[in-house]
Each structure stands twice: as structure tokens, then as C-alpha cells.
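Here the structure comes first, spelled out in C-alpha cells, and everything after it is commentary.
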Amino acid sequence: MSDPSSDNLSEELNTAKQVQPENVGALTRDQLTPEAAAAPQGHDVPGHDHAPAAARPADKHAGHHHPTSKRVVDLGSQVEEEHAGHDHDNGDDHDGPAGSNPYLVPGLSLALLLAGIALDYYKLGFFTGYVRLVWYGVAFVLVGWKVVKAAVLSIPSGNLFNEFLLMSIATLGAFAIGEYPEGVAVMLFYTVGELFQDAAVNRAKRSIRALLEIQATEVTVIRNGLPLVLDPREVVVGDVIEVKPGEKVALDGTLTKGPAAFNTAALTGESVPQTKQTGEAVLAGMVNLESLIQVAVTAGYQDTKLAKILAMVQDAVGRKAKTQQFITKFAKVYTPIVVSLAVLLVLVPFFVVDDYVFRAWLYRALVFLVISCPCALVISIPLGYFGGIGAASKAGILFKGSNFLDVMRELDTVVMDKTGTLTQGVFAVQQVAPAAGLAADQLLRLVGALETKSTHPIAKAVVLHVGAAATGVPVEDVEEIAGHGLRGQVDGRDVLAGNTKLLTRFGVAYPADVDQIVDSIVVAAVDGKFAGYLTVADSPKADAEQTVRELRADGITKIVMLSGDKDSITQRVAKELGIDEAHGGLLPEDKARYVQQYLDAGRKLAFVGDGVNDAPVVALADVGIAMGGLGSDATIETADVVIQTDHPSKIATARRIARATHAVVWQNIWLAFIVKGIVLALGAGGLATMWEAVFADVGVALLAILNAVRIQRMKF
């Protein structure tokens, strides 16, 4: 059974990649049939996942699937595996009077709660008895009826001791002994937490659409000499398609007439446009940059390289593993024990106490239940993670779920892309090497002036480097030779500027060592003689070397760089930054293969990338990290962590925040256990009254909250 709110999305996915629509979206408990709602813990319920997945093995982290995607998990109180199908994705709709605003009902409940507390404080005469009960009862029903309903629906299957029952008993128990505000507050917080998760999952759905938008939706096909605009799925192998400048190539094929320049970043991450000649392969997802071209189709829509990248994202998502949150593990044991002890506390004294009074022992049992209410855990654990996520946000780091804070702390391997991640992603002139007898400023003036007539990214980098010296210089008779460079008259001199093929074409000899240069190069000739060269490269970010150093000092034992750039450049950057393993010239599937090898070897791995081509690997890693400022929207949505400032050194900062969050959360857990254990014993013996019960519950919760808030004041 699929989520009704996901029907349109399911159709898009099914049409584009033949994925299973029932795996897209998810259901909340109130959207399930009674049979599905009552499914035993540990069993899958249809619609349980939030993203398409080919499979759901339990090997890495938690089935918290991402955008296209990875699931944004519950911050503390909700777990996938033992959650009886309870999901947070309500689709785009929300039941009840809230309509399209899911926060309206909780807001009304909060208003009634605060008003009731004020009326209690001022002890107004009318606010007693049934009036007070009905007032708080309405506030409770507004936010709690779905949870109580889910707890009831789980009873026929024998799935008694789940999170719904835990919350229902705790809050209704509070009502039973007159602690109405507490019962409302606990359920209200729980409900608002669920809504926050709904918002995150709905955003994940939008990311699937973002990935699909990479693929062209229509294509111009030449049939019988006439152009026809068709859906790419209708094009067959052998057809000839026409691609205008600025358009995406819709299907894989060969260029029928060259040369032509393409932006290939969507596939390779390579920031330099590629020039293709007649007969060379052109892939779907490339963007035609300059002239009208024709491509002979060699692969159907489903078999294009881009379609494979999108499929890899989904396959990687399917292999995400399951991580259980502590509170649900704990509840599986804690809830039945506490409920059983409360029942025994009422029944056993009947057989052993002479002056047994049922109401007195029932009161003790209810006090026992209130003390055992997991408020301190239900509230402080997610707030601990909220605090960590908030502290990270202040540092320019976005965590999409609490489980990624946990996994971030456990990492031992960090794999990074090069362009846009460790390097600027912007070309700059690195070296100016004039030939003998020519000054560097003269070379720059002549080459810079000629390059003003080109729109190529490398030409722009040269012009930017030369600056004002290139302006006002007379440039005439410019000829752009595709795939080679420029020829023209600059200040009355015949100037060539381009690659070595340009000089060879015009019979200009140049030193042999020029062919050994690693970086992108602009060679020049003036009046038929070699005049020197400029190297143009993407320079490392200012904190790239610091990033590698801090990660290694922080316990990361393996740092790897994978790049679509040519291997010689990749190895040079790796050596410069102190990275001990690097691989270049990789396609997305090559990167995925390397990452899978590390995962198979038992590594806890984060992948850091920024291009659409990185999306499959980002989804595959234990933690996918995207560089937000320069990163593609699809990769940012697919990632678990987004570095919003584009500073790779924030990776080490994220690990420090993750460790601090872990410490605070476990401080809260032990605080709750110790205090509740002591007061539970006192309550069972009749030595603890409701005041002590409230302290053990609300007091400990308050202390835990204050401790959790402390995270945001820490310096990282």
C-alpha cells in the first residue's frame, strides 16, 4: 500500500526509472489500516520506507533513507525496525482541523495548556473538578488521540509494549492521578517532534524530484528531414537528435558533426568543458555550450549513463543499514517491566498485608507509573540531539538527523571529491612561463588581449589574471579554431593562444617538456615563434591542508581523494595536501566501487562531494557530506550532512560537535536512570508522594533539558 500523498511522485519515479512506486513515501500510523497498524514489531509495514529502495538489508545504518534518498531519522524517540510501521511521513497532507497547516492543532493544544497552568496558578474558583478535567482533556485529545489509537490497534497482534503504549500509559496515568498539565505537555512535545520529522521527510521527497529534473523531458528528433519534439522514451537507437546551445543532451550517442564543446559536470564532476569531435561519444546529461549539433542515438532512455547514475543513487539508498535509537530498545524492556511492577504493586499486597486498602495501593501504583514516565528520556534525548544540530547549524553545518551525529563520531575513514570540495572549483592562472627574450608581462598582455574574444572558462581565468593590461589593446582578425584555441592579430602581431595542437597545426615548434605539464595549459606563439605558456588550475581551498591535518589528528586513519579529473592532477593535489591515497579519472560508478570496497572492509566511512555525479556515493556512504555553497542541489538533498560554508575543515568541527552531543545525551540517560531508580524504590514502599514523583519526572526532565541546552553554548 503506497502513501496516497506520494502518488504523483511515485508515477514520476516509475516512469523515469521503473522503480517500485510502493517504496516511495511512507505512511503514518493514522493512515494505516488496522491490520497494518497492528503489525508486530520488527516486521516491515508497506510504505514503511521514505525513499525508493531496491532492498532493505540490515547491515549499515538503519534504513534511515535519504532524499532519493536517505531517511531523516527521528531525533531520539523513534526507530525504524521495532516501530511497528510507524512513520513520520504524512505526505503533503495532514489530517484534522489543521488542514494544510500541521502546527495549528498543536498550537491550539499549547494555548490551552498554558492557559490552564495560569488558571491553576491563580486558583480561580471555577477552574476545578470537571471543568479543569475537560479543559486539559481537550488539550490532550487534540494531540494525543492518534497515539492512543495506535496503542489500542497494536494490542490484537500482541504488540503491547511499544512506544505508543509507553506514551499512552505515561500520559493517561498522569491524568488518572490529577497531573493533567504534565500529561498534556508530554504528549504535546511528542507530537511536535513527529511534525518536525514530517517536514524533513517531505523535503526528502522533493529531492527525488530534483534528481529527476536532471534528465531532459523532451528531445528534438530529425525524422524524414523534419524536426519532431518527442518524449526521450519514444526515441529509438539509430535516431538522430538535435541539441541547441544551452540544452541538455537527452540520450547517449555519437556526435555526427564536430567539433562541439560540452559541460560534463553532471557526469564526471570535471569543471573543464570537453570538446568532442565527429564520431566521439556524447552522453545524456552533458550540456551543449556553443553551436547547434546533431547526435546519433546509441542507447535508449533507460540505458543512458545519467539514468544509471540515478539508479545507483537508489541502489545505494537500498543498501543503507539500520540503526536503532536507544529509547525504543530501552522501551522494549523498560515498559513491560514497569507496567508489570505497577500491576503487582496493586495485587500482591492483597495477599500479604492485613489492612489492605485498594485505593491506597492503587495510588501507590499510579505514583509508580508517573515516576516511571520516560519524560526525561523522551524529552532530553531529542533535545540533546537538537542542541547538537543547533550548534552545528551555527557553525555552518547542517545535520539531517540525529543518527548522523552518532555515526559521525564513529568514523574512521573520510573519502573526498577534489573539485569543489578540496579545491576552489574556479580556474586560476598558476604559472606564467615566457620563452627566452620575452618578458612575462608582455606575454600576459598579448595572450590576455586575445583571450578576451573567447568565452571558454580557461580564457576567462587568463583574462581575470591579466586584468587591466588586456584592455585597450587592439585585437583584429580573430579566428576561433574549435578544440585548439585562438588565432588573431594583437597590437599588429600574429598571436596564437590555445593548446599544443594549435601550435602543431601552424607548424610552431615548442619544447618537448611542455607535453609533460600536468595542469591545463595555454601555450602561445607570437609571429610564428613559441612565446611561452600559462598553466591554469583549480587551486586548493585555504583550509584544505588544515582539514587533512585535523582529521588525521582526530582519529581518522584513512583519508582518500577520488576525482573525475585526470589522475596526474589528482595525484599532485593529493601530494600537496598530504593525502596518502588518491585516484583520478573516475566516473561515478568507479567512485562507488572504491567506496564499496572500503565499506566491505568494515570501514565506517564518510564521503564528501559536491557534484551530481557524487550523489550515488554520497547516498552509499555511512555519512554523506555535501559542500553546500558550490554543491549541486541534488547532492545537497541526498547528503546527510551539508557544509553550508564550503569549508572542508568543518568536517572536523562536525566530529567535535558529535562527540559533545553524545556525551551530553548519555549524561542525561544516566541522570534519569539513577534518580528514577531511587524514587521508584521509595514510591513502591509508600515513602514517595506525588511531589517526589513529579520531581523524579518533571524535575529530572528539566535538569536534562538544561544540560542539553548547554551544547549550544559550547565552543567548537
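Assessment of region 531-540 against the conditions (surrounded by fewer than 21 Cβ atoms within 10 Å (Cβ to Cβ), hydroxyl-bearing (S, T, Y) and closer than 30 Å to D646 by Cβ) yields at least one matching residue. Candidates G602, G564, G507, G578: the one that is in contact with a Ser or Thr (Cβ under 8 Å, 6 or more places away or on another chain) and either aromatic (F, W, Y) or not assigned by TED's automatic domain parsing to the domain that holds T264 (or both) is G564.
Just checking, does region 467-490 include any residue being under 46 Å from the mean Cα position of the chain (by Cα), basic (K, R) and outside any loop (DSSP other than H, G, I, E, B)?
No.
If you filter region 642-688 down to residues that are modelled with pLDDT under 80 and assigned by TED's automatic domain parsing to the domain that holds D610, you find that the one that is farthest from A542 (Cα to Cα) is V642. Against the conditions (1) buried (at least 21 other Cβ atoms within 10 Å of the Cβ); (2) touching a Leu at 6+ places or on another chain (Cβ under 8 Å); (3) of a type outside the set (D, E, K, R); (4) within 24 Å of F262 (Cβ to Cβ), I481 satisfies every one except (1).
I want to confirm something. Restricting to region 126-152 and keeping residues that are of a type in the set (A, V, I, L, M) and surrounded by 18 or more Cβ atoms within 10 Å (Cβ to Cβ), which single residue is farthest from the chain's Cα centre (by Cα)? Per the stated criteria, the residue is A139.
Residue-wise test of (1) touching a His at 6+ places or on another chain (Cβ under 8 Å); (2) modelled with pLDDT under 80; (3) buried (at least 23 other Cβ atoms within 10 Å of the Cβ); (4) not aliphatic (A, V, I, L, M).
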site	(1), (2), (3), (4)
P156	no, no, no, yes
F164	yes, yes, yes, yes
A170	no, yes, yes, no
A176	no, yes, no, no
A185	no, yes, yes, no
V201	yes, yes, yes, no
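Scanning region 439-474 for residues that are of a type in the set (S, T, N, Q) and loosely packed, with under 15 Cβ neighbours inside 10 Å yields T455, T471.
Evaluated against (1) crowded, with 17+ Cβ neighbours inside 10 Å; (2) assigned by TED's automatic domain parsing to the domain that holds P457; (3) within 29 Å of T264 (Cβ to Cβ), E545 falls short on exactly one condition, (2).
Rundown of residues vs (1) surrounded by 24 or more Cβ atoms within 10 Å (Cβ to Cβ); (2) at pLDDT 75 or above, yes/no style:
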residue	(1), (2)
L366	no, no
C373	yes, no
M416	yes, yes
Q431	no, yes
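Yes/no per residue for (1) of a type in the set (G, A, S); (2) touching a Pro at 6+ places or on another chain (Cβ under 6 Å); (3) closer than 25 Å to D622 by Cα; (4) in contact (Cβ under 8 Å) with a residue 60 or more places away in the chain:
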| site | (1), (2), (3), (4) |
| --- | --- |
| D527 | no, no, no, no |
| A542 | yes, no, no, no |
| I559 | no, no, yes, yes |
| E576 | no, no, no, no |
| G585 | yes, no, yes, no |
| D600 | no, no, yes, no |
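The values are calculated or read from the model by the stated rules, or taken from the named source; none is laboratory data. Here the structure is a predicted model, which is why all the values come from computation and not from measurement. Don't worry about glycine lacking a Cβ; one is built from the backbone with ideal geometry, like all the others, and counts go over all protein chains shown.
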